[in-house]
Amino acid sequence: MRSDQEKPDKTKILLVDDHTLFAEGTADLLSAETALEVVGIAHDGRECLAFLKSETPDVIMLDIALPDCLGIGLIDRIKARQPSVKIIMLTGLNPGDYLREALRKGVHGFLTKECNKRELIEAIFSVKHGQDYFSKGVVPFLRPACSGYGEQARTSAAQSDGVAKLLSDREEEVMDLMARGLSDREISSALGITIRTVKYHTGNIRSKLGVKSRSKAIAVWSNGGNRAYEGMDIQP
């Protein structure tokens, strides 16, 4: 029998949302997962900051609109108190108006409130391990939100007759699926390769495009002259 000290640490989550039914329902869903622990629910920005004085959550799920402030405006204050915490923005609104600013402030994920339980849990584990996560409903807004990022990579791509020239055939396949909003697990299944291999390819893609995150890679790819996406919105 394993002792408590041998049990892996749970991922601690703080929910910041003023809609009690949504917040409590989400807490119940997450608490059913043995690897997750909801350590608190804050209903506004003041409660969130007060909570951070005594607790250190791994992930904060932050609503866009709170009674006393915008969630976007709270990010810098959260980071000032706990720089290593991962933040996932929650929105029931069109995220286009907020996505660029959220990315600039260092948000690690963006979920619409229409997401399902699987996507919610996948987002938490992704950001906990240093990956960006954007729900499929957010993907069509990434290209305009990320315009201006990766300029150096786009310049290099133009000089070499398009971003696609930078990538191998397999990397192009992976990039196509990333741009459609598929997760690493879904890409693995679609291409018949292991998740580890997918991560290897996505790492190479980010390196070649000169970016550090999945979202910015999608933006560069979408703006780099790839035939499959030229002149059209990315669809999930």
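Since every read-out is calculated from the coordinates, none of them should be taken as a lab result. Because the structure is a prediction, the values reported are computed rather than measured. Neighbour counts run over all protein chains shown; Cβ positions are idealised from the backbone, glycine included.
Among residues other than Q131 whose Cβ falls under 15 Å from its Cβ, what is the net charge (Lys/Arg +1, Asp/Glu -1)?
So the environment of Q131 carries a net charge of +3.
Once label points are set 7 Å from the Cα along Cα→Cβ at both D9 and E114, what is their separation, rounded to one decimal in nm?
3.7
Note the full-extension length gain between K105 and H19 as 0.36 nm times their separation in residues minus their Cα-Cα distance, in nm to one decimal.
28.5 nm
On a straight-distance basis, which lysines could pair with K212 in a cross-link, Cα separation under 21 angstrom, same-chain partners fewer than 8 positions away excluded?
Cα-Cα hits under 21 Å: K79, K86, K105, K128, K136, K165, K199.
Please report the antiparallel percentage of DSSP beta bridges with both residues in segment 9-137, rounded to the nearest 5.
So the antiparallel bridges amount to about 5 percent of the total.
Classify segment 9-137: rounded, prolate or oblate, from the alpha-carbon gyration tensor (a ≥ b ≥ c, eigenvalue square roots; a/c under 1.5 rounded; otherwise prolate if a/b is larger than b/c)?
rounded
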